[in-house]
Amino acid sequence: MPFAGLSQEEKGRLALAPHAVLDHVGGADGKVDDREAEALGAWIEATAAAGGFAGDVAAAARAAPVDTPSQGLDGLRALRPLIEQRLDAEEAAALREALIALGEQVAMASGGFLGIGSRVCAAEQVALREIGRALGTLSRRALAAEAAGFTKILLPLDGSPESEAALKPAFDLARFAGAKVTLLEVSTSFQDLSRMIAVDAFVTAASVDTLLDASEAEKQAASSYLAGIKSALGVSDWNAIVREGDPARVIAEEAKAEGADVIIMASVERGALARVFEPSVSEAVLREAGVPVLVVPVGKANRGEG
């Protein structure tokens, strides 16, 4: 018999738990949209069909009056004593696992970008962690990431497809650890530009203006590129920085300035244009950064070489 030994009030609280998950996660970005509501419906049908205690909760959620407020996170926090004191260990574990899975399904309901996980905004990431804590559990991946202490990630990019190989591991770690991410692009400095072009014995005012214009244009292009990455991934809370100078030195300096716990960056085998991601740069970052560096290997860059 479903919910044997529980009072009607306790049964009602269990029935509202899935709706509380939807309200807290789906509403984290301002409102619950249709796809998130559909995710709850799909979860109810699948979980009810699977049976067990979680299936009983899903069936009760399906029958719950639609106008009954779930109380969101507060409702889940109030549910924890019931889970710990009134359910046996098997029932409690099944319910926690099912509700955590529902939260993830709701958060992922909006789809993904270029195969990089799901469009889970920062507020939804926080909401998932809050639900886990309210229920007295977190996913194993979240616990592992928290234990590693990775709460701030520095992610250098240079605008190339090769550099974007680091996006997926950074996205996944940020999502499951609730970590903050700073995107960094290192642009060419005025001094470097001046060395890259041929100049006469003297520098004219016009040539200086040309170099300054080129340097400013590169910085603006870098800013636009990073903004595009944030928009495409749905991560408006990620920070974005454009700096000038030597890539390895700038990456190491920004890691310290941002208090980064880890740097995630790509490294290509070879390529004339892969300034930030050639092996010498990643090796220098490993030496200088003072924090763990996750290097994502990328195959030989295709720059027209034989």
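Going from the fewest other Cβ atoms within 10 Å to the most, the residues I229, I153 appear in the order I229, I153.
Could you please rank W43, W238, placing first whichever residue has the fewest other Cβ atoms within 10 Å of its Cβ?
Details: W43 23, W238 20.
Arranged by neighbour count, lowest to highest, W43, W238 become W238, W43.
Amide H contacts of V296: M265, A266, S267, each under 5 Å away and 5 or more positions distant or on a separate chain (H built 1.01 Å from N in the peptide plane; Pro and chain starts excluded).
Can you flag which of K11/K31; K31/K152; K31/K168; K180/K230 are past 23 Å Cα-Cα?
Values: K11/K31 27 Å; K31/K152 28 Å; K31/K168 27 Å; K180/K230 13 Å.
Exceeds cut-off: K11/K31; K31/K152; K31/K168.
Taking each residue as 0.36 nm, the span from R80 to E216 lengthens on full extension beyond its C-alpha to C-alpha distance by 43.4 nm.
Once the chain from R62 to A123 is taken as fully extended at 0.36 nm per residue, the excess over their C-alpha distance is 19.3 nm.
Once backbone amide H atoms are built at 1.01 Å from N, K180 has K152, I153 as its partners under 5 Å, excluding neighbours fewer than 5 places away on the same chain.
A cut-off of 5 Å between modelled amide H atoms, ignoring neighbours fewer than 5 places along the same chain, links I241 with L183, L184, E185.
Could you please rank E130, E38, E185, E90, placing first whichever residue has the fewest other Cβ atoms within 10 Å of its Cβ? Mind showing how you got there, number by number?
Values: E130 19, E38 13, E185 25, E90 10.
Sorted ascending by nearby Cβ count, the order is E90, E38, E130, E185.
Our coupling estimate for the range 21-36, obtained by passing each phi through the Karplus curve with A = 6.51, B = -1.76, C = 1.60 and θ = phi - 60°, is 4, 4, 5, 6, 7, x, x, 4, 9, x, 7, 8, 8, 4, 5, 5 Hz, Gly and Pro reported as x. When restricted to Cα atoms, the range 8-138 yields an Rg and a Dmax of 13.8, 47 Å, respectively.
Where a number appears in this text, it was derived from the coordinates with a stated rule and is not lab data. Because the structure is predicted, anything quoted here is derived from the model rather than measured. Neighbour counts are summed over all protein chains in view; Cβ atoms, including those assigned to glycine, are modelled from backbone coordinates with ideal geometry.
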